[in-house]
Amino acid sequence: MNKKFSPTLKQLRAFLLVHQLRQLSAAAPKLFVTQSAVSMLIRQLEEGLETRLFDRTTRSLHPTAAANQMVPLAERILRDVDSLSTGFRELSTMERGRVCVAITPTLASILLPTAIQHFAEHFPQVHVVIDDCAPDQFISRILSERVDFGIGTPELPGAEVDTQTLLRDHLALVCQAHHPLAKLRRVRWVDLASHPVITVRPGYGIRLLIDTTAARAGVTLKVLDEVSFLSTALMLTSSGMGPSIMPSDYARAASDPSLVVKAISAPRVSRDTYIVTKRGRSLSAASAMFIDVLRGAIERPLP
């Protein structure tokens, strides 16, 4: 056998059909080729293997012992290839698959319920996995490829990731309705100087943005409590512990009638949420579709 020779799938399919039907003319229409093309494929296979596979007679072909021994191996190869093709087709047509998303618990509770419901209705065979993580674990989940993509706001994304804007938002003050800041027509950063506030701890989420913006406004914040999750800050504010600073969408999603949400101005600071992917990595069909469904759910939420 020529050690450099590798049978093609077309040659193997022709071989199996001829072995089964014993005639080139019968195999040709099933392969959608001419009889001479089938003859050429068998001859190429025999020359490459340096082995006669069929003894020719005037009316039919008779498999040799080598051909009979080769049949199980050829069948297994084609079965594996067909299984692989079916698997790829199912993945591309969303008949099966998996989507894994990194996101903080608070953001997940706001953005994902409607999107997951819509996605499950249309693609029930695709499994959605939510990797709810702390903000300081967000980028590492994406870079290690533990997840397909992330939804959030990386403070220092670096060159290793790509971002696409999902939501536009801004920093806001959240306080109880009877708090003095709730009575202001407009809340500025300088208005926060005399009031203790709750925010996330250094190195987490929006803290860097809050500190740098306050410094630009010439304000030194009196931080009363530092938390890891914005949901905790909301709970503390709702309990009367003091006002908190967070993106407005987080606060409004809580739908707490006892809380007032006011944009902080002078300066007004954007706080956008992004789809975050590892640079150079392509999204699967299932992941790309989930993002499309997510965008649609944000624009058209369930009643």
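The values are calculated or read from the model by the stated rules, or taken from the named source; none is laboratory data. Keep in mind the model is a prediction, meaning the values are calculated, not measured. Note that each Cβ is placed from the backbone with ideal geometry, even for glycine, and that neighbours are counted across all protein chains shown.
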Handout entry: Answer from 230, 209, 171, 166 - the residue that is touching a helix residue (DSSP H, G or I) at 6+ places or on another chain (Cβ under 9 Å), at pLDDT below 90 and within 24 Å of residue 133 (Cβ to Cβ)
Key = 230
Problem - From the options 128, 147, residue that is touching a Lys or Arg at 6+ places or on another chain (Cβ under 9 Å), part of a strand (DSSP E or B), touching a residue at least 12 places away in the same chain (Cβ under 8 Å) and not assigned by TED's automatic domain parsing to the domain that holds residue 254 - result: 128
Practice task
Identify all residues within region 173-199 that are more than 12 Å from residue 260 (Cα to Cα), in a strand (DSSP E or B) and not β-branched (Val, Ile, Thr); write none if there are none.
Solution key: 188, 196
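Would you tally the residues in region 27-46 being hydroxyl-bearing (Ser, Thr, Tyr) and not in a helix (DSSP H, G or I)? Let's see the steps before the verdict.
Going through region 27-46, the residues hydroxyl-bearing (Ser, Thr, Tyr) turn out to be 34, 36, 39.
After this cut, where a residue has to be not in a helix (DSSP H, G or I) as well, the list is 34.
So the answer is 1.
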Exercise for the section: Check whether at least one residue in region 267-281 is at pLDDT 95 or above, over 30 Å from residue 123 (Cβ atoms), of a type in the set (Val, Ile, Thr) and touching a Leu at 6+ places or on another chain (Cβ under 7 Å), and report yes or no. Expected result: no
Practice task
Can you confirm whether region 151-159 contains a residue that is touching a residue at least 24 places away in the same chain (Cβ under 8 Å), buried (at least 18 other Cβ atoms within 10 Å of the Cβ) and of a type in the set (A, V, I, L, M)?
Solution key: yes
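Looking at residue 39, is it assigned by TED's automatic domain parsing to the domain that holds residue 290 and modelled with pLDDT of 85 or more? Please lay out each step first, then the result.
On the way: assigned by TED's automatic domain parsing to the domain that holds residue 290: no; modelled with pLDDT of 85 or more: yes.
It is false that residue 39 is assigned by TED's automatic domain parsing to the domain that holds residue 290 and modelled with pLDDT of 85 or more.
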